[in-house]
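Below you'll find the structure, written out as C-alpha cells, and then a few comments.
The values are calculated or read from the model by the stated rules, or taken from the named source; none is laboratory data. Just so you know, these numbers come straight off a predicted model, no measurement behind them. Here Cβ is always computed from backbone atoms with ideal geometry, including for glycine, and neighbour counts include all displayed protein chains.
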Amino acid sequence: MNNPPVSGHIAGQGADLAFTDPLTGLGNLRRFFDKVDRLIIERADDPAPFTVGILDLDGFKPINDLFGRGAGDDILQQVAMRLGAAMDQNATVARVGADEFAFLYPLVFSEEAARERALMLIEILSAPYDVGVRTARLSASVGCSLFYSGEENTETLVSKAETALYHAKRSGRGKVVVYTREMEEAARRTTQIEQALRRAVAAGEVEPHFQPIVELKTQRIIGFETLARWTDRDLGVVTPDVFIPLAEERGIIGPLSQLLLQKATQTANQWPDELFLSFNLSPSQLVDQNTAQHVLAILERTGFDPRRLEIEITESGLMTDPASAEKIVGDFHAMGVRVALDDFGTGQSSLGRLRQFDFDKLKIDRSFVSSILDDKPSEHIIRAILAMCEGLGMDVVAEGIEEKEQARRLIEFGCGGGQGYLFGKPSNAETTMALLRESYLASVMRRIA
Ligand code: C2E
Ligand code: CA
Ligand code: CA
C-alpha cells in the first residue's frame with residue numbers, strides 16, 4: 001500500500017477540537033456520528049450496504065489498576081495507533097468511550113466481510129503492548145451492524161452494533177458478533193414475552209408446580225421442589241428456562257418469586273407437617289439484601305413454618321457477590337430456613353465455598369445421575385460427593401433420576417435423597433394433593449398388612 005499510514009484517514013486529524021479525542025488524536029463520538037450521517041446521505045440514491053462496528057477492550061480496567069492510569073493512557077494510545085494503521089483509505093476509526101472504539105467501513109458490504117475485518121482488528125490488538133519495561137496483553141470484542149436501506153439512521157445502526165457487542169461480550173472474550181435480522185426478531189420476541197410476563201405476574205397467573213423429593217431407600221416422599229409454570233393466553237406454554245432468565249434480566253424476578261412463594265406456601269400448608277417445601281432463588285436475588293426479609297414477610301402472611309422451608313441456590317448465585325450471598329444465607333439460617341446448594345457439579349464448583357457457606361443440603365446435578373450407569377467417572381464423582389457430604393454433615397439429593405437402576409446404584413452408594421421423573425414429574429397443587437393422599441393410603445395399607 002502506498003498511502004501514508006495513520007494520517008489522512010483517522011477521523012479528526014487536524015479537524016476541530018470538538019470532534020477530536022485529545023488523548024489519542026482520533027475522532028470522537030461526534031465525529032463518528034457525523035461521518036456515518038454523511039455516508040447515509042451519500043448512499044440515499046445508491047443504497048449499497050456498509051459496515052459500522054464498535055470495539056470494546058476486554059478487561060481494560062484491571063490493566064489500569066495494575067499498571068496505573070498513565071500506563072493505561074499509554075496503552076490506549078498504542079491501541080489507537082494500531083487501529084488507525086489498520087484502516088484503509090476509506091475507513092474511519094474513532095474513540096467513542098473510555099475503552100471503546102468505533103469504526104466505519106464504507107466498502108464492506110457483507111456480514112462475512114465485516115466479521116473478517118473485525119477479527120483482523122482483534123488480531124492486531126492482541127500483540128503485546130510495551131508498558132515501561134513490562135508488557136501487557138489485551139483482547140477485544142466487536143459488534144458490527146450493516147446499513148442496508150435508507151430506513152436506517154445513524155442511531156439505529158450504532159444501537160444495533162451495540163446490541164451485537166453485548167452478545168459478543170456475553171459469549172466470552174475476543175468475539176465478533178454481526179447484528180442479524182434474526183437477532184432483531186429474537187429481540188422483538190423477547191420484548192413480547194417480557195410484556196406478557198409482566199402482565200401475568202401482576203395478574204397472579206404464574207403457577208407453582210411441585211415435584212416430589214423422596215427418601216431413596218423407602219421411596220417415601222419427604223418434600224417437594226417448587227417449579228414455576230406459565231401458560232400465556234397468546235404465547236401458550238413458556239418454559240422456565242426461557243422466562244426465569246428473562247425475569248432476572250429485566251428485573252421481574254422479585255415480584256415473580258414473591259407471587260410463587262406466596263402460592264406455594266399456601267398450598268404446602270395443606271400438606272402433612274413433616275413435608276418440606278423447597279424453593280429456588282435466582283442469582284440476582286442473592287445480591288439483594290432485602291431478599292430474606294421479603295421471604296420472611298410472606299411466611300408470616302401465609303403462616304408457613306420457616307423450618308419447613310428450604311431455599312435452593314446455585315453457585316453462580318454465590319459468585320457475583322459472595323459477601324452479600326453469605327449474609328443472606330446467614331439471614332435464612334437465623335430464621336430457621338434451610339439452604340441447599342443446587343446443580344452441584346456444574347459451573348465452577350469450588351470446595352472452598354462449601355466451607356464458607358455452611359449448606360444444609362447439596363443437590364447433585366442431573367448430568368451425573370443420567371450417566372451413572374454407563375460412565376465410570378460419573379460414578380466416582382458421585383461417590384466422592386457423597387463421602388464429602390457425609391463428612392460435612394450435609395444431606396444429599398440426587399436430581400433427575402429416571403430409571404430404577406439409577407436409583408438402585410445411588411442407594412448402593414449411600415445417597416439419601418432422590419428426585420426425578422421416576423418418582424414423579426412436577427404437577428399442580430391439586431394433583432400433588434391427590435398424590436399425597438394416595439401415598440398416605442398406601443402407607444396405611446402397608447402398616448395394616
Ligand atoms: P432446577 O432448579 O435444576 O430444577 C430441576 C429441573 O429438572 C426442572 O426443570 C425439573 O422439571 C427437571 N427435572 C426433574 N426431574 C427430572 C428428570 O427425571 N428428568 C429430566 N430430564 N428433568 C427433570 P424445569 O421445571 O423446566 O425448571 C428449569 C429451571 O428453571 C430450574 O432448574 C430452575 O433453575 C429454574 N426455575 C424453575 N422454577 C423456578 C422458580 O420458581 N424460581 C427460580 N429462581 N428458578 C426456577
Ligand atoms: Ca432447583
Ligand atoms: Ca437443580
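Tabulated results
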{"quantity": "Qualifying positions in segment 298-340 - of a type in the set (V, I, T) and either within 16 Å of ligand 2 (Cβ to nearest atom) or under 17 Å from P283 (Cα atoms) (or both)", "calculated": "I311, I313, T314, T320, I328, V329, V337, V339"}
{"quantity": "Segment 249-267, residues that are within 16 Å of ligand 2 (Cβ to nearest atom) and either in the same structural domain as R170 (by TED's automatic domain parsing) or more than 19 Å from R198 (Cα to Cα) (or both)", "calculated": "A264"}
{"quantity": "Conditions (1) farther than 21 Å from L341 by Cβ; (2) within 12 Å of ligand 1 (Cβ to nearest atom); number of the one not met by I311", "calculated": "(1)"}
{"quantity": "Residues (among the hydroxyl-bearing types (S, T, Y) and exposed (fewer than 14 other Cβ atoms within 10 Å of the Cβ)) located in segment 311-365", "calculated": "T320, S350"}
{"quantity": "Test: residue in segment 131-152 that is in a helix (DSSP H, G or I), touching a residue at least 24 places away in the same chain (Cβ under 8 Å) and surrounded by 18 or more Cβ atoms within 10 Å (Cβ to Cβ)", "calculated": "no"}
{"quantity": "Tally, over segment 259-290, of residues that are over 15 Å from A325 (Cβ atoms) and in a helix (DSSP H, G or I)", "calculated": "10"}
{"quantity": "Output for segment 158-199, where each listed residue is buried (at least 23 other Cβ atoms within 10 Å of the Cβ) and part of a helix (DSSP H, G or I)", "calculated": "K160, A161, A164, L165, A168, L197"}
{"quantity": "Identity of the residue in segment 335-365, more than 16 Å from ligand 1 (Cβ to nearest atom) and within 19 Å of L277 (Cα to Cα), that ends up nearest to the chain's Cα centre (by Cα)", "calculated": "D360"}
{"quantity": "Residue that is nearest to ligand 2 (Cβ to nearest atom), among those in segment 347-378 that are modelled with pLDDT under 90 and over 22 Å from I311 (Cβ atoms)", "calculated": "S378"}
{"quantity": "Scope segment 339-364; condition away from ligand 3 (no atom under 16 Å from the Cβ) and either in a helix (DSSP H, G or I) or touching a His at 6+ places or on another chain (Cβ under 9 Å) (or both); matching residues", "calculated": "L351, G352, R353, L354, R355, Q356, F357, D358"}
{"quantity": "Test result for F332, more than 16 Å from ligand 3 (Cβ to nearest atom) and either part of a loop (DSSP other than H, G, I, E, B) or over 20 Å from the mean Cα position of the chain (by Cα) (or both)", "calculated": "yes"}
{"quantity": "S367 in a helix (DSSP H, G or I), within 15 Å of ligand 3 (Cβ to nearest atom) and in the same structural domain as S278 (by TED's automatic domain parsing)", "calculated": "yes"}
{"quantity": "So H294, is it more than 16 Å from ligand 3 (Cβ to nearest atom) and either among the hydroxyl-bearing types (S, T, Y) or within 24 Å of F224 (Cα to Cα) (or both)", "calculated": "yes"}
{"quantity": "Single match in S145, S171 (criterion: assigned by TED's automatic domain parsing to the domain that holds P49 and at pLDDT below 95)", "calculated": "S171"}
